[in-house]
Structures are given as C-alpha cells and as structure tokens.
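The next block holds one structure in the form of structure tokens; read it before the comments.
The values are calculated or read from the model by the stated rules, or taken from the named source; none is laboratory data. The model shown is predicted, which means the values in this text are computed figures rather than measured ones. In this analysis, Cβ positions are derived from the backbone assuming ideal geometry, glycine residues included, and neighbour counts consider all displayed protein chains. Note: accessible area is taken over every heavy atom of the protein model, side chains too, but ligands, DNA and RNA are not part of it. Shrake-Rupley method; radii C 1.70, N 1.55, O 1.52, S 1.80 Å.
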Amino acid sequence: MKVICAGLSKTGTTSLCRALRILGYSVHDHPEHVVLNLDNYVDIFSGVENDESIFKEMYKNVDAVTDTPACVFWQSIFSQFPDAKVVLSVRDTPEVWTTSVMKTYAYFGKITWYAPGRWYSFLTPYLSKTVAKLRYFYSCVTIFMSGCDGMTFDANAPGDPPYGFGKLGFKKIYHDHNAGVKQALPPNQLLVYNVKEGWGPLCEFLGKEVPEEPFPNENVSQPDGKVSAVEQTLTS
C-alpha cells in the first residue's frame, strides 16, 4: 500500500482513482471494495472482525485505495501501512460537498430498493444472501456518511434531504472527518488536495512525472445527483 485516499465520497474520488491508475498504481475504488471485499467489510461493520490486521490482508497486493468504505477506515488501513502517503481530497467549500452528497442520496432514494414501485425488493434479501449482504453494507456506509440509514431517505421527494438530517449535519461530518485526517498525520505524509489543481501537486507529492494526458474528469455530478452506471448497478 503506497497511497491511502482519505477523502469522502463526492470529493473527486473517481477522478483521483483514474489519475492514480494513469500514474501506474493498482487501485481499489468503490466497485473493487464491494466486489472483492464485501464479506470482509460486512464482518468489519458487524463486529465479527475487530482486528485491524484484516486490512493488511485485504490490501497487501494493492497500491492505493479510494472512496468508501476505505476512506472511513483510512486510519485503520494506515496503521497497517504506516509508510503510505495519504491524500485528503476536498471540495471548494463544505457547502459544495454538502449539496453534492445530498443530491446523490436523493437520487439513490429513487433508484434503490426503497424506491416507489420496488416493494418486491424487500423480499430479495430473504431470497439471496448476496443481496442481504449488499443491503447491510450500504446501510452501514450510509450511516458512516450521513448519520442515518437508507430507510430515512424520502424517495418521493427528489432533492429533499434525508428525514431528520440536513445541511448542518452533513457539514459537521465533512468538517470532523477532514479535521481528523489533518490532525493525525505529519505534513510529509499528507496532501490536502482538490482535483481541480490537476497533476502538479499530486505528482510532486507522490514523486511522479506529470503525464502528458489531461487530468481525468470522471463521474461529474449531474443536476439530479445521478451517479455512475457502476454505482447504479451495485445498488439496484
């Protein structure tokens, strides 16, 4: 493990993942966490696994990790790879991140198992162990990211925040997470980074040559909060 990306979702993590791959790193992004380590994360969330050394086994052959749920366990991962460099991706302001993440959650409320017309999906966890694990996994991820589980999202009101959890709550999560990362690391191992800065700061921090190709611009937020096709597939 060479690079731990500790930035929360919706801070340019997909672009950062693509950039790291261009620089030659093997990266586990959100899809890889789900596809390759679903069982491990279910055990971690549920308390079946409480030994941080599990992360060393999970990521022993990986150069970098990005996005959830790795970003919320960045400190546990760092404890197993103390020589890794940490990139904290951020948005222009906490308000920009809050608006983006709230739109995304509202969108998920329309397309996932809580959406109107998908009453049958409440039966699927009883028919498929994999679906049951996925529902538990995403409920836990949502709790870490928003302080409430998926059942609190209003699928009938696109764009509305989760019930009982609004902008101030999201801003606190953003502030607290970023402050914790900054306080825990020495300056030589931490880069606070906005993907709008491009290749320069990232390559300098990692000791890499700047590639000729433009810095990637992936998974750009849509007005309705729509996310990538991969994320839609994993949550539908």
May I ask you to derive the relative contact order of the range 1-113, considering only C-alpha pairs under 8 Å and at least 6 residues apart, and to give it as an integer percent?
48 percent
Determine, for each peptide in 88-98, 47-57, 14-24, 168-178, the mean count of other beta carbons within 10 angstrom over its residues, then list the peptides with the highest first.
14-24, 88-98, 168-178, 47-57
Starting from one equal scatterer on each C-alpha and no solvent at all, send me the Debye-based log10 I(q)/I(0) for the range 10-85 at q = 0.18 Å⁻¹, two decimals.
-0.71
When ligands, DNA and RNA are left out and all protein chains stay put, how many square angstrom of accessible area per residue does the range 1-52 have with a 1.4 Å probe?
37 Å²
Could you state the number of Å between the C-alpha centres of the range 51-86 and the range 13-39?
12 Å
Strictly over 28 Å apart at the Cα level, which of Lys85/Lys129; Lys10/Lys133; Lys85/Lys171; Lys60/Lys171; Lys56/Lys172 would you flag in this model?
Lys85/Lys129; Lys60/Lys171; Lys56/Lys172
